[in-house]
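Participant: Sharing a structure with you now.
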Amino acid sequence: MTVSNRRQFLKVAGLGAAGLAAHSLSSKAARAASERPNIIWIYSDDHAQNAVSAYGGRLAQVAPTPNIDRLAHEGVLFRNSFVTNSICGPCRAVIQTGKHSHLNGFRQNGDRFDPTQQTFPKLLQKAGYQTAVFGKWHLATEPAGYDAWEVLPGQGHYYNPDFITPKGLIQEPGYVSDLITDKALNWLDNQRAADKPFMLMIQHKAPHREWEPGPDHLTLFDDVEIPEPDNLFDDYEGRGTAAREQDMTIEKTMRMNADLKVWGKESSQPGGPEHGTWKRTYGRMTEEQRKNWDAAYDPKNKAFLEKDLKGQDLVRWKYQRYMKDYLRCIRSVDDNVGRVLDHLKEKGLDKNTVVFYSSDQSFYLGEHGWFDKRFIYEESLRTPLLARWPGVVKAGSEVEPMVQNLDMAETFLDMAGAPIPGDMQGASLVPLMKGETPADWRKSIYYQYYEGEKAVHAVYCHYGVRTQRYKLVYFYDLDEWEFYDLATDPQEMRSVYNEETYADVVRGLKVELKRLRELYKVPEEKKPKA
Ligand code: SGN
Ligand code: CA
């Protein structure tokens, strides 16, 4: 049995922390500190799996991500990587703790992360690692368990962003993806102690709404037509209330000014200089940055306004503008992933450093007519996950079994030879990365979204289970069930919850859902609203 297999076994067998600790001591002693790998976690915000070219898909040709793809070519790509609750702060809290939202206490954006709780960086510090985090944080309280940190306040800014640092708030001139990477590389080169292994989190703001591209990418894709998804003009027939009543369509929800960059630049106009959206986006640019921006956008906007588009033509234009800006933001992330990989090589750190790339959650790129995330449906449930680990992971390999962001804390601890506490709810991915699937690897995943229809984008609360083939969802405030057969309906266009042919499968999945809710200690929801 390998180290990780044994740990997985102990955990599943319920032998708990004591057994693990004893095991880990011996494994720790067996490994010289120098052998323990460094870990770099590059984590972006809202980067759809469909927009990482290593995953294929309709954008791979027009908007490739060559540097992120290097991780897949030189390492491993997780084909079936999912989140537990597709929204920013909650995903980040899951990464920190290896626990579902109801146990780590961070169910929705706006909650405050309890920094006194057990987190993986604290455990890595105990195991002799140095830890650092730079970039988006979004957990409201200050990072705990980090030797160095500089984080964006809340969502952060693209241009000339503010950073919260242990010494107070500072503003840095430049573009956010470059600055976050500068800080991380500076820490690597000049600030950490060279005699300890490190765990470094580089957490990008891009490509989050409002999708402001950096100065080098303002005209990228100008001459390209971005392919549309088949279901851009979805009518939501065949699904329930939640899909019909959300507020996240390109057609109705997307704003012409901050989102689509067609500003009314007079103070009196909605979204003009007096407004928050302006102040946190366009209004933060220096005169020079704005000149550069206007030179790129003004002619495109003029041509658009002259066409006076309506109906589906207007939606198609919005889709193109949205996608180009979104993909431009991704290009800055991809460039900076390349910078990190090149830097590691240059400094001789590439051999003993595991580099991951992932995103807090995935994103709708016009599928179902939507942007944003939140739903358990595929495009938001999935998230990219790729990793390079020279000498351990076979180059160009793929992992098929279902993994979740719930597994990362356990994975990092396993890599460091540190004990995995028995109350963490995921499992180390190390065996899968080595090409071994533990016999008892999970066959289903649990999901729950808590923000509800009153929050931004108006998505009803729901929980559900996904197996390799099926998905069962319960919108508990609506008392509505949905069920999808992903083999025959991968785009989830028709719930077949009431079809007789699936009655047995649905019954079985309800039992599985109940089992998962017990396993993960999920409290009962209040009764559906009258
Ligand atoms: C902001 C965005 C929303 C987005 C949430 C959460 N609006 O409110 O579109 O869903 O953040 O995003 S914006 O006008 O500020 O862009 S998350 O990634 O932080 O969860
Ligand atoms: Ca996000």
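Participant: I'd like the distance between the alpha-carbon centres of the stretch 367-400 and the stretch 224-256, rounded to an integer number of Å.
Facilitator: Between the Cα centre of the stretch 367-400 and that of the stretch 224-256, the gap is 22 Å.
Participant: Skip the ligands, DNA and RNA, and give the accessible area per residue of the chain with a 1.4 Å probe, whole Å².
Facilitator: Values: 20540 Å² over 530 residues.
Value returned for the chain: 39 Å² of accessible area per residue.
Participant: Shifting gears a bit: Do any trypsin sites (Lys or Arg not before Pro) in the stretch 220-283 lie in a loop, going by DSSP, with at most 16 other beta-carbon atoms within 10 Å of their beta carbon, and if so which?
Facilitator: Working: sites: Arg239, Arg244, Lys252, Arg255, Lys261, Lys265, Lys279, Arg280; in loops: Arg239, Lys252, Arg255, Lys261, Lys265.
The qualifying sites are Lys252, Arg255, Lys265.
Participant: How much net charge surrounds Asp45 when only the other residues with a Cβ under 10 Å from the Cβ of Asp45 are counted, with Lys and Arg +1 and Asp and Glu -1? Walk me through the intermediate numbers first.
Facilitator: Numbers: positive: Arg92, Lys136, Lys205, Arg209; negative: Asp46, Asp360.
My count for the surroundings of Asp45 gives +2.
Participant: While we're looking at this one, here's another question. Using 7 Å Cα-to-Cβ label points, what is the Ala193/Glu288 separation (nm, one decimal)?
Facilitator: It is 4.0 nm.
Participant: Any aspartates and glutamates with Cα under 17 Å of the Lys351 Cα? List them, leaving off those in the same chain fewer than 8 positions away.
Facilitator: Leaving aside aspartates and glutamates fewer than 8 places away in the same chain, those within reach of Lys351 are Glu35, Glu74, Asp189, Asp195, Asp342.
Participant: Oh, and also: Share of antiparallel DSSP beta bridges in the chain, in percent to the nearest 5?
Facilitator: Working: 30 of 57 bridges.
Antiparallel: roughly 55 percent of the beta bridges in the chain.
Participant: Would you mind working out the magnitude of the charge dipole of the stretch 198-241 relative to its Cα centre, with +1 at each Lys and Arg C-beta and -1 at each Asp and Glu C-beta, to the nearest 20 Debye? Show your work: numbers first, answer last.
Facilitator: Numbers: 3 positive and 11 negative charges, 96 e Å.
Result for the stretch 198-241 is approximately 460 debye, rounded to the nearest 20.
Participant: Counting only C-alpha contacts under 8 Å and six or more residues apart, can you give the relative contact order of the stretch 300-411 as a whole percent? Show your work: numbers first, answer last.
Facilitator: Working: 70 pairs, mean separation 21.9, N = 112.
Contact order relative to length: 20 percent.
Participant: When the Kirkwood hydrodynamic radius is evaluated over all pairs of different C-alpha atoms of the chain, what value in angstrom, to one decimal, is obtained? Spell out each step's value before the answer.
Facilitator: Working: mean 1/r = 0.0419 Å⁻¹.
Hydrodynamic radius (Kirkwood, Cα only) of the chain equals 23.9 Å.
Participant: How large a share of the accessible area of the stretch 113-213, in percent, is made up of carbon and sulfur atoms when the probe is 1.4 Å and the other protein chains stay in place?
Facilitator: On the way: 1650 of 3390 Å².
Of the solvent-accessible surface of the stretch 113-213, carbon and sulfur hold 48 percent.
Participant: So for the stretch 65-169, taking the charge dipole from beta-carbon charges (+1 Lys/Arg, -1 Asp/Glu), which of Ala148, Asn160, Ala127 sits furthest toward the positive end?
Facilitator: Of Ala148, Asn160, Ala127, it is Ala127.
Participant: Once you keep just the Cα pairs under 8 angstrom separated by 6 or more residues, what percentage relative contact order results for the chain? Could you put the intermediate results ahead of the total?
Facilitator: Numbers: 1043 pairs, mean separation 129.6, N = 530.
Relative contact order, the chain: 24 percent.
Participant: Answer rounded, prolate or oblate for the stretch 168-207, using the Cα gyration tensor with square roots of eigenvalues a ≥ b ≥ c: rounded when a/c is under 1.5, else prolate when a/b is larger than b/c, else oblate. Walk me through the numbers on the way to the answer.
Facilitator: Details: a/c = 2.51, a/b = 1.77, b/c = 1.42.
Note, shape of the stretch 168-207 comes out prolate.
Participant: Another question, then. Assign unit charges at the C-beta atoms only (+1 for Lys and Arg, -1 for Asp and Glu), then state the dipole size of the chain relative to its Cα centre in Debye, rounded to the nearest 20.
Facilitator: The dipole magnitude comes to about 1560 debye.
Participant: Excluding same-chain residues fewer than 8 positions from Lys307, which lysines have a Cα within less than 28 Å of its Cα?
Facilitator: Lys307 reaches Lys252, Lys261, Lys265, Lys291, Lys318, Lys324.
Participant: May I pose another question? Restrict the search to the stretch 430-481; then list the GluC sites (Glu not before Pro) that DSSP places in a loop and that have at most 15 other Cβ atoms within 10 Å of their Cβ. Write out the running numbers ahead of the final one.
Facilitator: On the way: sites: Glu436, Glu451, Glu453, Glu480; in loops: Glu436, Glu451, Glu453.
Those that pass, being in a loop and sparsely packed, are Glu436.
Participant: Over the stretch 98-255, what lengths in whole Å, largest first, do the semi-axes of the equivalent ellipsoid take, defined as the square roots of 5 times the eigenvalues of the alpha-carbon gyration tensor? Don't skip to the answer; put the middle values down first.
Facilitator: Values: eigenvalues 240, 112, 41 Å².
The equivalent ellipsoid of the stretch 98-255 has semi-axes of 35, 24, 14 Å.
Participant: Summarise the accessible area of the stretch 430-469 (1.4 Å probe, protein heavy atoms) by the percent that is carbon and sulfur.
Facilitator: Values: 770 of 1500 Å².
Ligands and nucleic acids excluded, carbon and sulfur give 52 percent.
Participant: May I pose another question? Using the charge dipole of the stretch 470-530 (Lys, Arg: +1 at Cβ; Asp, Glu: -1 at Cβ; taken about the Cα centre), state which of Tyr476, Tyr520, Leu509 has its Cα farthest towards the positive end.
Facilitator: Checked the options; the winner is Tyr520.
Participant: Tell me, how many Å apart are the Cα centres for the stretch 281-308 and for the stretch 44-92?
Facilitator: Each part reduced to its Cα centre gives a spacing of 30 Å.
Participant: So which GluC sites (Glu not before Pro) in the stretch 228-319 end up in coil per DSSP with only 14 or fewer other C-beta atoms within 10 Å?
Facilitator: Numbers: sites: Glu237, Glu245, Glu251, Glu266, Glu274, Glu287, Glu288, Glu306; in loops: Glu237, Glu251, Glu266, Glu274.
When the GluC sites (Glu not before Pro) of the stretch 228-319 are filtered for loop state and at most 14 Cβ neighbours within 10 Å, Glu237, Glu266, Glu274 remain.
Participant: What span do the alpha-carbon atoms of the stretch 55-99 cover on each of the three principal axes, reported in whole Å from largest to smallest?
Facilitator: 35, 22, 17
Participant: Of Lys99/Lys526; Lys126/Lys434; Lys122/Lys510, which sit over 28 Å apart, Cα to Cα?
Facilitator: Over 28 Å apart, Cα to Cα: Lys122/Lys510.
Participant: Could you tell me the relative contact order of the stretch 384-443? Use alpha-carbon pairs under 8 Å, at least six residues apart, and round to a whole percent. Mind showing how you got there, number by number?
Facilitator: On the way: 53 pairs, mean separation 23.5, N = 60.
It comes to 39 percent, rounded to a whole number.
Participant: Another one. Full extension from Asn160 to Thr488: what is 0.36 nm times the residue separation minus their Cα-Cα distance, to one decimal in nm?
Facilitator: Working: separation 328, 0.36 × 328 = 118.08 nm, distance 4.76 nm.
Here the segment from Asn160 to Thr488 would lengthen by 113.3 nm.
Participant: Quick one: which residues, 5 or more positions from Val399 or on another chain, have an amide H under 5 Å from its amide H? H modelled 1.01 Å from N in the peptide plane, none for Pro or chain starts.
Facilitator: Leu77, Phe78, Arg79
Participant: Just to verify a number: FRET efficiency for Leu309 and Lys514, C-beta to C-beta distance, R0 = 60 Å, to 0.05?
Facilitator: Numbers: r = 50 Å, r/R0 = 0.83.
Efficiency, rounded to the nearest 0.05: 0.75.
The values are calculated or read from the model by the stated rules, or taken from the named source; none is laboratory data. Quantities reported herein were computed from a predicted structural model and do not represent experimental measurements. Quick reminder, even Gly has a Cβ in these numbers, built from the backbone with ideal geometry, and neighbours come from all protein chains shown. All accessible areas refer to the heavy atoms of the entire protein, side chains included, with ligands and DNA or RNA removed. Shrake-Rupley method; radii C 1.70, N 1.55, O 1.52, S 1.80 Å.
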